[in-house]
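Everything below concerns the one structure shown next.
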Amino acid sequence: MGRNFNLDEIPDMTGKVCIVTGGNTGIGKICVQELAKKNAHVIVASRTPSKGQAVVDEVKESTKNDKVEFMQLDLLSLSSVSAFIQSFKDKNLPLHLLLNNAGVMSCPFTLSEDGIEAQFATNHVAHYYLTTQLLPILEKSQPSRVVNVSSLAHKYIFWNGLVLDDMNDESKYNKHMAYGRSKAANILFTRELTRKLEDSGDKYKNVYVNTNHPGAVSTELTRHNESMTMSVMRRLFFIAPEDGAKTQLYLATSPEIEKKNIKGKYFVPYGDESVPNKHAASQENQTKLWDFTENLLKEKVPGYTGANI
């Protein structure tokens with residue numbers, strides 16, 4: 001399968017519960033559609049109720065699957081992530097797939113509600129917090145999977161490496177470098193979480209965590225980069241959202257992942273394993289990022305006691 005993976009190869013997902021962050025638009029919406037088409041119970045986790053519910057209604061109508069629902073999640077607010085985690089726990093559902101798909105790209109400098117540079121806050125910190133707090137449910141629901149959507153842009157940190165301490169300094173902000181840092185963080189988190197799960201023995205034996213680059217996809221993610229040149233590039237070189245969704249849906253659903261015990265890996269279109277930049281494949285950086293994120297959450301989240309591992 002691998003590089004030849006197509007959406008029609010997604011297996012039946014009856015009985016599987018899936019959370020898709022950013023499931024209201026772009027490749028996230030395609031993922032919601034395809035998972036629902038295969039009978040999964042899909043939760044569209046996004047910020048705006050009107051947009052999220054509109055997608056839920058659309059997908060229910062097109063797939064005839066009533067197990068599609070909206071839950072509010074604002075990744076720029078750790079209190080919103082906390083509320084989402086508690087609301088999901090209150091449902092007493094299993095969790096077989098956490099697809100950390102939502103993201104922002106190359107936006108102007110801004111801080112999250114918690115005072116964290118917005119791209120790092122959205123693309124990494126919120127997803128780290130969400131994932132680690134849902135680990136006990138992922139453990140009970142094994143076999144289960146986490147897919148962290150990264151980007152080829154993780155290679156932007158080739159020059160200075162993983163610099164974390166000055167991210168909130170507007171005078172040093174470069175929107176493309178900041179995006180690259182957040183996408184490198186997705187890969188480093190995937191690798192370090194996998195290492196920690198494996199070090200826990202058999203407890204998380206059938207929890208599969210992987211990451212991917214979707215490709216250059218024509219979605220609203222690129223809205224902050226819009227220009228005449230970008231417009232031409234989108235028409236000539238960018239792939240459709242349906243193709244952009246293929247690699248993460250391969251990692252999310254393919255039986256090969258369990259059969260081949262694929263964990264902690266980075267994949268590119270369309271289901272091809274690849275090697276990330278050396279800064280995103282460094283044990284030193286994995287540890288550095290994990291410790292930095294833990295300390296940040298202890299500072300920003302009242303009562304935070306650490307990752308569930």
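Points worth noting:
- Beta carbons closer than 9 Å, at least 6 apart along the sequence or on distinct chains, never pair a first residue in segment 39-57 that is closer than 19 Å to Ala83 by Cα and at pLDDT below 95 with a second that is assigned to a helix (DSSP H, G or I) and among the acidic types (Asp, Glu).
- Residues of segment 271-309 that turn out to be more than 30 Å from Gly215 (Cβ to Cβ), in a helix (DSSP H, G or I) and of a type in the set (A, V, I, L, M), as a count: 2
- Selection count where residues are of a type in the set (A, V, I, L, M), in a helix (DSSP H, G or I) and farther than 15 Å from Asn123 by Cβ, scope segment 140-193: 1
- Answer residue from segment 196-246, given it is aliphatic (A, V, I, L, M) and under 16 Å from Tyr270 (Cβ atoms) and is modelled with the lowest pLDDT among those: Val217
- In segment 57-80, residue surrounded by the fewest Cβ atoms within 10 Å (Cβ to Cβ) [restricted to those that are under 19 Å from Thr14 (Cβ atoms) and of a type outside the set (D, E, K, R)]: Ser62
- Considering residues of segment 251-264 that are outside any helix (DSSP H, G or I) and out of contact with any helix residue (DSSP H, G or I) (no Cβ under 8 Å at 6 or more places or on another chain) only, the residue surrounded by the most Cβ atoms within 10 Å (Cβ to Cβ): Lys260
- Residue among Ser150, Ser182 that is buried (at least 16 other Cβ atoms within 10 Å of the Cβ), closer than 22 Å to Lys300 by Cα, among the polar types (S, T, N, Q) and under 14 Å from the mean Cα position of the chain (by Cα): Ser182
- Helices (runs of 4 or more DSSP H) lying entirely in segment 17-107 (those with 2 or more residues that are farther than 24 Å from Gly244 by Cβ): 49-63, 78-90
- Test result for Lys172, touching a residue at least 40 places away in the same chain (Cβ under 8 Å) and surrounded by fewer than 23 Cβ atoms within 10 Å (Cβ to Cβ): no
- Selection from segment 161-200 of residues that are among the hydrophobic types (A, V, I, L, M, F, W, C) and over 21 Å from Gly115 (Cβ atoms): Ala184, Ile187, Leu188, Leu193, Leu197
- Screening Ile30 with (1) on the phi > 0 side of the Ramachandran plot; (2) within 15 Å of the chain's Cα centre (by Cα) gives one miss only, at (1).
- The residue that is surrounded by the fewest Cβ atoms within 10 Å (Cβ to Cβ), among those in segment 108-127 that are out of contact with any Leu (no Cβ under 6 Å at 6 or more places or on another chain), over 29 Å from Lys246 (Cα atoms) and touching a residue at least 60 places away in the same chain (Cβ under 8 Å), is Pro108.
- Residues (in contact with a strand residue (DSSP E or B) (Cβ under 6 Å, 6 or more places away or on another chain) and of a type in the set (Gly, Ala, Ser)) located in segment 268-293: Ser274
The values are calculated or read from the model by the stated rules, or taken from the named source; none is laboratory data. Quick caveat, the model's predicted, so the values are computed rather than measured. Glycine gets a Cβ as well: all are built from the backbone with ideal geometry, and neighbour counts include every protein chain shown.
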